[in-house]
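Everything on this sheet refers to the single structure shown next.
The values are calculated or read from the model by the stated rules, or taken from the named source; none is laboratory data. All figures in this text were calculated on a predicted structure; none of them were measured in a lab. FYI the Cβ positions are ideal-geometry reconstructions off the backbone, even for glycines, and counts take in every protein chain you see. These accessible areas exclude ligands, DNA and RNA; they are computed on the full protein's heavy atoms, side chains included. Shrake-Rupley method; radii C 1.70, N 1.55, O 1.52, S 1.80 Å.
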Amino acid sequence: MIAGISSSIAAIYAFGSKLAGTANNIANVNTDGYKKTVSTISEGKQGLPETNQGKSSTPGPIVQVEGLFKETSNVDLAEEFPQMVLAQRGYEANIKSLQTQAELTKLLMDIIV
């Protein structure tokens, strides 16, 4: 049961980190030259989930403003919002898992006492 708690807590941190990266991308969608953060959740040490983050090297669209060419942000909101929903649901699922484990522990303690 302790392993289940550890993995749920690690997943909450991983999904929280992914959600923070996605929120940062959305906040910087209109920042010229901003490169989006790409977050992936994978199995880390001891089999627990962890988040790996890196900057995307994909260039943003080039626009001409008053005769000058500027690179805009490479953040695509159509890609970010589904990632945000997935991270949020993963976070919620692991919170529910912790709540269920707490209820189970309480039931077991009631039986013993």
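Comparison of Glu50, Glu66 shows that the only residue that is open to solvent by 60 Å² or more (accessible area, probe 1.4 Å) and touching a Gly at 6+ places or on another chain (Cβ under 8 Å) is Glu50. The residue that is farthest from Asn24 (Cα to Cα), counting only those in region 89-111 that are under 17 Å from the mean Cα position of the chain (by Cα) and surrounded by 15 or more Cβ atoms within 10 Å (Cβ to Cβ), is Asn94. When region 69-87 is limited to residues that are β-branched (Val, Ile, Thr) and under 20 Å from the mean Cα position of the chain (by Cα), the one that is surrounded by the most Cβ atoms within 10 Å (Cβ to Cβ) turns out to be Val75. Mind listing whichever residues of region 1-47 are assigned to a strand (DSSP E or B) and open to solvent by 40 Å² or more (accessible area, probe 1.4 Å)? Those that are assigned to a strand (DSSP E or B) and open to solvent by 40 Å² or more (accessible area, probe 1.4 Å): Val38, Thr40, Ile41, Ser42, Glu43.
Here Thr58 clears all of (1) without any contact (Cβ under 8 Å) to a residue 40 or more places away in the chain; (2) open to solvent by less than 70 Å² (accessible area, probe 1.4 Å); (3) assigned to a loop (DSSP other than H, G, I, E, B) except the condition numbered (2).
Suppose we keep only residues that are more than 20 Å from Leu86 (Cβ to Cβ) and among the β-branched types (Val, Ile, Thr) within region 45-66. Which one would you say is farthest from the chain's Cα centre (by Cα)? Quick ask: steps written out before the conclusion?
Of all residues in region 45-66, those more than 20 Å from Leu86 (Cβ to Cβ) come to 45-47, 55, 57-66.
Now narrow it down to the ones that are among the β-branched types (Val, Ile, Thr): 58, 62-63, 65.
On the way: Thr58: 20, Ile62: 28, Val63: 30, Val65: 34 Å.
Once the filter is applied, the top-ranked residue is Val65.
The listed residues are Lys18, Lys36, and the only one of them that is within 23 Å of Gln99 (Cα to Cα) and of a type in the set (Lys, Arg) turns out to be Lys18. Candidates in region 55-72 are the residues that are at pLDDT 90 or above and of a type in the set (A, V, I, L, M); of these, the one that is nearest to Lys35 (Cα to Cα) is Ile62.
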